[in-house]
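The values are calculated or read from the model by the stated rules, or taken from the named source; none is laboratory data. Owing to the predicted nature of the structure, the values given are computational and were not obtained by experimental measurement. Cβ atoms come from the backbone with ideal geometry, glycine included; neighbour counts cover every protein chain shown. Each accessible area value is taken on the protein alone, full model and side chains, heavy atoms only, with ligands, DNA and RNA left out. Shrake-Rupley method; radii C 1.70, N 1.55, O 1.52, S 1.80 Å.
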Amino acid sequence: MKEQRNGLLLVISGPSGVGKGTLVNALMERNQKIKMSVSATTRAPRPGEIEGVHYFFKTEEEFKAMVDRGEFLEYIHVFGSKYYGTPRSFVEQQLENGYDVILEIDVQGAMKVKQAFPDAVLMFITAPSMSEIKSRLIGRGTETMEQVEKRFATAFEEIKMIPQYDYVIINDVVDVAVHHMEAILEAERCRTSRSNYLSESIEDTGR
Ligand code: ADP
Ligand code: 5GP
């Protein structure tokens, strides 16, 4: 008998600069049973980014070898040249151990995960306006103006995918947005479809 539920797989997407990282950090500070999946990428580290914490930074050769070994749950090739992928084993292990796992991935990756894990909860993060997304992206100061323009153009394609998501969160005030994320997680954990382990344990007690 399995005495605890499997963890919940939470997929978070949204345009670059909308505040996904900010919200996820705040959510994890307040919820110890949530684990963040660390992706692999071929993009260069930003100042302050730490290997194994923010990403596993790989050369293109290393990344492709991981693809060949089937080590990714999903991966994509974006912004013209960079690869990003979700290592499979960490996610599967944590879910099995009852931890909720967050994947912060792009819309294409999210659709692949939805197919492979129909139980996953998909949240799309957006901002009060497109101009606010652009000013946050510029304000973060981590991309060149050329990269900002590329990412901002992609944002218009990404928001078209909102109907494919289970929930949409407008990140206006950080605390309010995090509260909405927590409320969604609480409700999702109570779904009857995630409670099979309960009937199994009741049967085991002989009642
Ligand atoms: P993403 O992970 O989606 O690319 P970040 O979390 O890096 O975005 O946020 C981009 C910038 O916007 C950062 O400088 C962050 O401090 C800022 N930011 C995030 N949320 C808000 C908010 N609700 N209001 C104003 N600025 C925000
Ligand atoms: P950034 O370069 O700003 O860290 O991330 C750029 C984009 O790549 C974001 O939309 C982010 O969600 C996405 N991303 C990061 N890791 C992964 C991943 O493992 N898979 C997919 N599909 N997208 C990812």
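Only one of these conditions is not met by Phe90: (1) open to solvent by 40 Å² or more (accessible area, probe 1.4 Å); (2) assigned to a strand (DSSP E or B); (3) aromatic (Phe, Trp, Tyr). Which number is it?
Condition not satisfied by Phe90: (2).
Which pairs turn up if I take residues in segment 3-14 that are farther than 19 Å from Ala177 by Cβ and look for partners that are among the polar types (S, T, N, Q) and open to solvent by 10 Å² or more (accessible area, probe 1.4 Å) with beta carbon separation below 9 Å, at least 6 apart in sequence or on another chain?
Every condition considered, the pairs that remain are Glu3/Ser201; Gln4/Asn97; Arg5/Ser195; Arg5/Asn196; Asn6/Asn97; Gly7/Gln94; Gly7/Asn97.
Please go through segment 1-58 and give me each residue that is open to solvent by less than 70 Å² (accessible area, probe 1.4 Å), of a type in the set (Val, Ile, Thr) and either farther than 26 Å from Ile133 by Cα or part of a loop (DSSP other than H, G, I, E, B) (or both), ordered by number.
Answer for segment 1-58, where residues must be open to solvent by less than 70 Å² (accessible area, probe 1.4 Å), of a type in the set (Val, Ile, Thr) and either farther than 26 Å from Ile133 by Cα or part of a loop (DSSP other than H, G, I, E, B) (or both): Val18, Ile34, Val38, Thr42.
Just to be sure, is Tyr84 touching a residue at least 24 places away in the same chain (Cβ under 8 Å), part of a strand (DSSP E or B) and open to solvent by 80 Å² or more (accessible area, probe 1.4 Å)?
Spelling it out, it is not the case that Tyr84 is touching a residue at least 24 places away in the same chain (Cβ under 8 Å), part of a strand (DSSP E or B) and open to solvent by 80 Å² or more (accessible area, probe 1.4 Å).
Take the residues in segment 122-138 that are surrounded by fewer than 15 Cβ atoms within 10 Å (Cβ to Cβ) and farther than 12 Å from Val18 by Cβ, then tell me which one is nearest to ligand 2 (Cβ to nearest atom).
Ile138
Could you please let me know if Tyr83 is among the aromatic types (Phe, Trp, Tyr) and away from ligand 1 (no atom under 14 Å from the Cβ)?
Yes: the conditions hold for Tyr83.
Could you check how many residues of segment 32-74 are in contact with a strand residue (DSSP E or B) (Cβ under 8 Å, 6 or more places away or on another chain) and touching a residue at least 40 places away in the same chain (Cβ under 8 Å)?
Residues meeting the conditions: 13.
Within 8 Å of ligand 2 (Cβ to nearest atom), open to solvent by 60 Å² or more (accessible area, probe 1.4 Å) and not hydroxyl-bearing (Ser, Thr, Tyr) - does that describe any residue in segment 110-121?
Yes: one or more hits.
Quick check on my filter: what residues within segment 107-132 are in a helix (DSSP H, G or I) and either closer than 20 Å to Ile76 by Cβ or more than 10 Å from ligand 1 (Cβ to nearest atom) (or both)?
Result: Val107, Gln108, Gly109, Ala110, Met111, Lys112, Val113, Lys114, Gln115, Ala116, Met130, Ser131.
Go through segment 59-80 and report how many residues are under 16 Å from the mean Cα position of the chain (by Cα) and either assigned to a loop (DSSP other than H, G, I, E, B) or not aliphatic (A, V, I, L, M) (or both).
3
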